[in-house]
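Please read the structure below before turning to the comments.
The values are calculated or read from the model by the stated rules, or taken from the named source; none is laboratory data. Source: prediction; values computed, not measured. Note: ideal-geometry Cβ built from the backbone for every residue, glycine included; neighbour counts use all protein chains shown. Just so you know, the surface numbers come from the protein's heavy atoms only, side chains and all, with ligands and any DNA or RNA stripped out. Shrake-Rupley method; radii C 1.70, N 1.55, O 1.52, S 1.80 Å.
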Amino acid sequence: MFISIDGARCMGHGRCYAMAERLLTDDDEGFVAERGRSWEVPEGLTSEAESAAHACPESAIAVRDS
Ligand code: SF4
């Protein structure tokens, strides 16, 4: 599974890293620090990635299988 975070959509609500604290982190301003990135989700963290995507009110997080 891959996860990507649209940096332009992220408004810093903070729900994603609260739901996926082993996958995402916050920066000094409350935005998810990984915004603008796309990467492969480590094995064992796929449910956290899906939870983060569902939790984002701006639909900034996308998960896909490949
Ligand atoms: S929940 Fe969405 S808008 Fe909020 S910090 Fe995470 S990616 Fe950004």
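Within the stretch 21-40, the set of residues being in contact with a strand residue (DSSP E or B) (Cβ under 9 Å, 6 or more places away or on another chain), over 12 Å from ALA62 (Cα atoms) and not in a strand (DSSP E or B) comprises LEU23, LEU24, THR25, ALA33, GLU34. The C-beta contact set for the stretch 41-61 (first residue β-branched (Val, Ile, Thr), second residue near the ligand (Cβ under 7 Å from one of its atoms) and open to solvent by 60 Å² or more (accessible area, probe 1.4 Å), distance under 9 angstrom, 6+ apart or interchain) comprises ILE61/ARG9.
Of all residues in the stretch 32-66, exactly one satisfies the criterion of being surrounded by fewer than 18 Cβ atoms within 10 Å (Cβ to Cβ), over 18 Å from MET1 (Cα atoms) and of a type in the set (A, V, I, L, M, F, W, C), namely ALA33.
What's the total number of residues in the stretch 1-20 that are within 13 Å of GLU58 (Cα to Cα) and not in a loop (DSSP other than H, G, I, E, B)?
Going through the stretch 1-20, the residues within 13 Å of GLU58 (Cα to Cα) turn out to be 5-16.
Add one more test, that the residue is not in a loop (DSSP other than H, G, I, E, B), and what stays is 5, 15-16.
Of the residues in that region, 3 qualify.
Within the stretch 22-33, residues that are away from the ligand (no atom under 11 Å from the Cβ) reach no partner that is open to solvent by 50 Å² or more (accessible area, probe 1.4 Å) and polar (S, T, N, Q) with beta carbons closer than 7 Å at six or more positions or on different chains.
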